[in-house]
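Asks: The structure under discussion is supplied below as C-alpha cells; questions concerning it will follow.
The values are calculated or read from the model by the stated rules, or taken from the named source; none is laboratory data. Predicted, not measured: the structure shown is a model, and the values here were computed from it. Because the Cβ atoms are built from the backbone with ideal geometry, glycine has one as well, and the counts that use them run over all protein chains shown. Note: areas computed on protein heavy atoms with side chains; ligands, DNA, RNA excluded. Shrake-Rupley method; radii C 1.70, N 1.55, O 1.52, S 1.80 Å.
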Amino acid sequence: MQKVIHQKATALPGGKVEIVCPELKAGQTVDVVVRYESGKRGRSIMEILNSGPEHRLFQTAEEVRAYLAREKASWDR
C-alpha cells in the first residue's frame with residue numbers, strides 16, 4: 001500500500017531541503033515532489049481571452065445565451 005507524507009519545509013542555504021520522517025527505513029526508495037511559490041502572478045482567464053484575436057464570435061454571456069436558444073429552437077423544426 002502506498003502512503004503519502006505531507007510536510008512543509010523551509011529551504012536551507014544552497015537550496016537544500018531536509019525531510020525527516022521516522023516512518024522511512026534506510027535504503028527505502030521514495031518519490032519526492034517539491035512545490036514552491038514562484039512569486040510570479042499568472043494571468044487571469046479574462047486576460048488570456050482578451051489577448052486573443054478580436055474576431056470572437058461572442059462578446060457577452062447574453063450573446064452566447066441567445067445563440068444557444070436559437071440553436072435549440074432549430075432542433076425542433
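Asks: Project the alpha carbons of the chain onto their principal axes and report the range along each, largest first, in whole Å.
Replies: Its Cα atoms span 72, 34, 16 Å along the three principal axes.
Asks: Taking the Cα centre of the chain as origin and charging only Cβ (+1 Lys, Arg; -1 Asp, Glu), how large is the dipole, in debye to the nearest 20?
Replies: 120
Asks: Using θ = phi - 60° and the Karplus form 6.51 cos²θ - 1.76 cosθ + 1.60, what ³J(HN,Hα) does each residue of region 33-40 get, whole Hz, x for Gly and Pro?
Replies: Working through the residues one at a time gives 10, 10, 10, 8, 6, 7, x, 8 Hz.
Asks: Quick one: angle between helix 61-75 and the longest Cα principal axis of the chain, in degrees between 0 and 90, rounded to 10, please.
Replies: 60
Asks: I want the local charge near V64. Using Cβ-Cβ distances under 14 Å, sum +1 for each Lys or Arg and -1 for each Asp or Glu among the other residues.
Replies: Overall, the nearby charge balance is +1.
Asks: Also, quick follow-up: Whenever you get a sec, compute what percent of the accessible area on the chain sits on carbon and sulfur atoms (1.4 Å probe).
Replies: About 56 percent, which is the carbon plus sulfur part of the accessible surface.
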